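Bear in mind these aren't lab numbers, they're just calculated from the coordinates by the rules spelled out. This is a predicted model, so every value here is computed, not measured. Using ideal geometry, Cβ is built from the backbone for each residue, glycine included, and neighbour counts are taken over all protein chains shown.
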Amino acid sequence: MKKIITIVTAALLFAGAAFAQVSAEDAEKAYKILESTDDNLAYHGDYSATVSLVVEKPGKPKENLQYKIFERTDKDLMTIVQLFPEADKGVGYLRNGDNIWSYDPISRKFTHTSIKEALGDSDIKLDDVEQNENRWRENYEVAAFEEGTLGKYPVNIITLVAKTKEPSYAKTKFYIRQDIPLVLKQEDFSGSDRLMRTILIPKYSKVPAGYVSTQAIVRDELNKGEQTQQVISDLTFDTLPDKIFTKAYLEGLN
């Protein structure tokens, strides 16, 4: 979970040219498919989960990171607390609407930050774990919509370009199963159309509340051989106390 790339004017000009290639009907169909991927996921209302990350970089030993995430999706509230390694235990992130802070337990100070910040030294960004269902129409325009296959699955391939500075990347392409709308692959591009990052989601689990992407692999395409594997566990959907979404909660953990 981490994010920060600025969208330049050139990217927006590129996006404007791309929009004209998609009919209003196809754009609406694409938005509805993207929204249905959110509807199929189990993350609605309050939930909590443990996120375990394995960071691999060429020439370096594997690094293990672990976080606890709490989110209230209908209020844009999110708290993330680092659990491991021990040296970074208590590092936290707090979101309240458009305001996001990172917390350093050593200095006991909060720093206003961005949804694009990365988690630790991983390739996961904060907006990768955000579940705001309005983000598609608010932050993106549909640049392309087509059908294809990915492995054994027929998929809808939807290309989006950012129309606000909220997304981490200027363009993103999603490969979504046609039978059950679930994202199987995501490709993130820079404003110059360079592939920056690939996310593979090979494993989903079905729970009463919906589907959970229990495993994801995030590849840094600029630094070959660098990737982060993400595993979700300890998922609960109990109503969370309001105090969890406060600065005082993070301060009180240490």
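Quick check: the distance between the Cα centres of the stretch 155-189 and the stretch 217-254, to the nearest angstrom?
21 Å
Give me the distance in nm between label points sitting 7 Å out from Cα along the Cα-to-Cβ direction at W101 and K152, one decimal.
5.0 nm
Take the alpha carbon atoms of the stretch 159-254, find their radius of gyration, then divide it by 2.2 N^0.38 Å using N residues; give the quotient.
Computed over Cα atoms of the stretch 159-254, the ratio equals 1.37.
With the crude spin-label approximation of a point 7 Å out along Cα→Cβ, what separation in nm comes out for S23 versus H112?
Once both label points are built, they end up 4.6 nm from each other.
Apply 1/(1 + (r/R0)^6) to the Cβ-Cβ distance of T236 and E35, taking R0 = 30 Å, and write down the FRET efficiency to the nearest 0.05.
Given R0 = 30 Å and the Cβ-Cβ separation, E is 0.75.
May I ask which of K89/K203; K152/K224; K185/K206 have a Cα-Cα span longer than 24 Å here?
K89/K203; K152/K224
If each residue of separation counts as 0.36 nm, what is the full-extension length gain between T246 and S192 once their alpha-carbon separation is subtracted?
Contour length minus Cα-Cα distance gives 15.5 nm.
Students often get this wrong, so check it: of K109/K171; K68/K171; K32/K75, which have C-alpha atoms separated by over 26 Å?
K109/K171; K68/K171
Between Q215 and I180, what is the label-point separation in nm under the 7 Å Cα-to-beta-carbon projection?
1.6 nm
Let's see if you can work this out: charge +1 on each Lys and Arg Cβ, -1 on each Asp and Glu Cβ, no other charges. What is the dipole magnitude of the stretch 21-88 about its Cα centre, in debye to the nearest 20?
380 debye
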